[in-house]
């Protein structure tokens, strides 16, 4: 063994070692993933996505921001594939989607875990009718009985409002494809497509070049109790508690209502000026003890 080489091996100066430590800490602070007292950022996939659902996910973002200090940051990502509601619920149950936002019924409450705060304050249950413009005079002359007997309505076969309309005696044509319903209406396959107060005008505006013959009917509306909840997997009670806590905090500080009114101001203002005949329907698929939706933010 070469004793000489061992005796004279160079060593790092203490200041040089300190320098390497400082550089490593700075690098980690710049490039490490976001953290909080609760740990790394969580990514949640949600369904459904698209322009008419934007408010729902902005509200979830708001609720989760109220719990960031205790539970950490969250990044929301829409589920990328185009899927049906039934498929979305299956993926939630299998853990591939983390949160969905849909209306309730007893079957859904048996399969998934709802956060029972109506995120849309009943507004989706106030249904305007999308029709062909040529039919406006005919529909305006109809009373409630004629509306039930003479009109055929179009709905998605997987939507929770389908059994409500059928139980109320309306004739309904169905499709599994939401987009196809606009073409079916324009082509005369049915007479009216009931859409939520927050949906009808926006949907038509997005499709006015394709379906210029479609309009929102001016004299009638349907209303039925239809709470919309956030839902998570039944095994994810911690996420459910976090969302519920965040929603309650945003209700308490007024930010929930402010967001709701920001997204629905045009519809609320238009409804206040209109004089529609509102036909009230029962909702036979609501689970027992479902509370009445509080519509006071938009309709008294």
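A short reminder: the numbers here are calculations on the coordinates, not readings from a lab. Note that the coordinates shown come from a computational prediction; the quantities given were computed from them, not determined experimentally. Cβ atoms come from the backbone with ideal geometry, glycine included; neighbour counts cover every protein chain shown.
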Report the normalised scattering of the stretch 70-168 as log10 I(q)/I(0) at q = 0.10, 0.14 Å⁻¹, calculated by the Debye formula with identical scatterers on the alpha carbons. -0.44, -0.76
In degrees from 0 to 90, rounded to the nearest 10, what is the angle of the helix 85-94 Cα long axis to the longest principal axis of the chain? 30
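Equivalent-ellipsoid semi-axes (√(5λ), Cα gyration tensor) for the chain, whole Å, largest first?
Rounded to whole Å, the semi-axes are 53, 20, 19.
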Take the stretch 211-259, compute every pairwise Cα distance, and split them into 5 Å bins from 0; I just need the percent in each bin. 4, 14, 14, 13, 14, 12, 9, 10, 8, 1
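Strictly greater than 17 Å: what percent of every Cα pair in the stretch 124-223 meets that? Working shown, then result.
Values: 2277 of 4950 pairs.
The answer is 46 percent, as a whole percent.
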Using only the alpha-carbon atoms, how far is helix 14-31 inclined from the longest principal axis of the chain? Give it as 0 to 90 degrees, nearest 10. 10
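Given R₀ = 41 Å, FRET efficiency for residue 177-residue 69 by Cβ-Cβ distance, to 0.05?
Working: r = 43 Å, r/R0 = 1.04.
Approximately 0.45, to the nearest 0.05.
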Ordered by packing density, taken as the mean number of other Cβ atoms within 10 Å over each peptide's residues, highest first, how do 123-134, 234-245 rank? 123-134, 234-245
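Just order 220-230, 266-276 by mean Cβ neighbour count inside 10 Å, highest at the front, would you?
Packing proxy ranking, top to bottom: 220-230, 266-276.
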Nearest 10 degrees, 0 to 90: helix 255-273 Cα axis against the chain principal axis: 20
Residues of the stretch 267-300 with backbone N under 19 Å of the label point set 7 Å from the Cα of residue 143 along Cα→Cβ are 276-281
Within a Gaussian network of the chain (alpha carbon springs, distance under 10 Å), most fluctuating of 42, 171, 104: 42
